[in-house]
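Structure record follows, encoded as structure tokens.
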Amino acid sequence: KLRQAPVLELARNLGFEFLALNTNSEVQRRVPVEGLASLSTEERVALIPDASGFVQTTKLPGFKEYANQVIMPSYDSHLEGGWLGTTDRGLATPGGFLSARMIRDEAMCVPVAKRLAQRPGARALVLVGADHVKFKYGMPARMDRLLGDGPPRRRKPGTPSVVSILLNVQPQDTLSQDEKRLLMGLLYADAAAVENQGTLKLADFLVFSASKEKLGLDLAPAASPEGKQEAEEKGASTASDNAI
């Protein structure tokens, strides 16, 4: 929070409008234990107005690998820290934790999408933790869907509406097992359809307060679902072009 203070102060001085995005803590503690069924009709409308899109996101290519590699590793720390409403693993299940995390990402996108719909031509800067940004399926893909697929359509066909930026990313943030190497993507493959494979990009841009050379960091294209590095010259050069 202290590191965000200068950014917030600058935004206030420039006259920016602020929107609070985080979900109700009571909901975040209830869903891991009681599941999505515990949401009232009013809560569903407020937090997940695009219910069909919310469900379809879980079926998109690479979502399973994203969930297993990005979301689920923090289940134990959230459980032990009491953030799930209980420390009982039998009550706050991994499935409940995943549901709560997906709701949080979706719900944080909703106020932004609604406000932008009210102000055609406006832009928004969303400041959140890296886990909500990296590898597409936290907030970027959800925001893109809410802005582009639901009414009103605010963009021309083929025009990206969401750009993801990671600040001062560390190797561990990229699923890298090398403390000096950033992995720029997460490989996925559908076991039932070998041809359905690809890479989830870490982010559109990486921004560092010092050069990556000064920080002693190398860039590598992607990590497999098992966390192993994959080398591909074209992917590495593309990633380097977007590191600032």
Per residue, accessible area of region 107-150 with a 1.4 Å probe, heavy atoms of protein chains only, in Å², comes to 45
Per residue, accessible area of region 8-79 with a 1.4 Å probe, heavy atoms of protein chains only, in Å², comes to 59
Listed by chain and number, the residues whose amide H is under 5 Å from that of residue 185, excluding neighbours fewer than 5 places away on the same chain and using placed H, are 202, 222, 223
In whole percent, the fraction of accessible protein surface over region 1-46 that belongs to carbon or sulfur atoms, probe radius 1.4 Å, stands at 57
Between residue 127 and residue 165, the two model label points (7 Å from Cα along the beta-carbon direction) sit apart by a distance in nm of 1.2
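The values are calculated or read from the model by the stated rules, or taken from the named source; none is laboratory data. Every value quoted in this text rests on a predicted model; they were computed, and no experiment measured them. Don't worry about glycine lacking a Cβ; one is built from the backbone with ideal geometry, like all the others, and counts go over all protein chains shown. We work out accessible area using only protein heavy atoms, side chains counted, and drop any ligands, DNA or RNA first. Shrake-Rupley method; radii C 1.70, N 1.55, O 1.52, S 1.80 Å.
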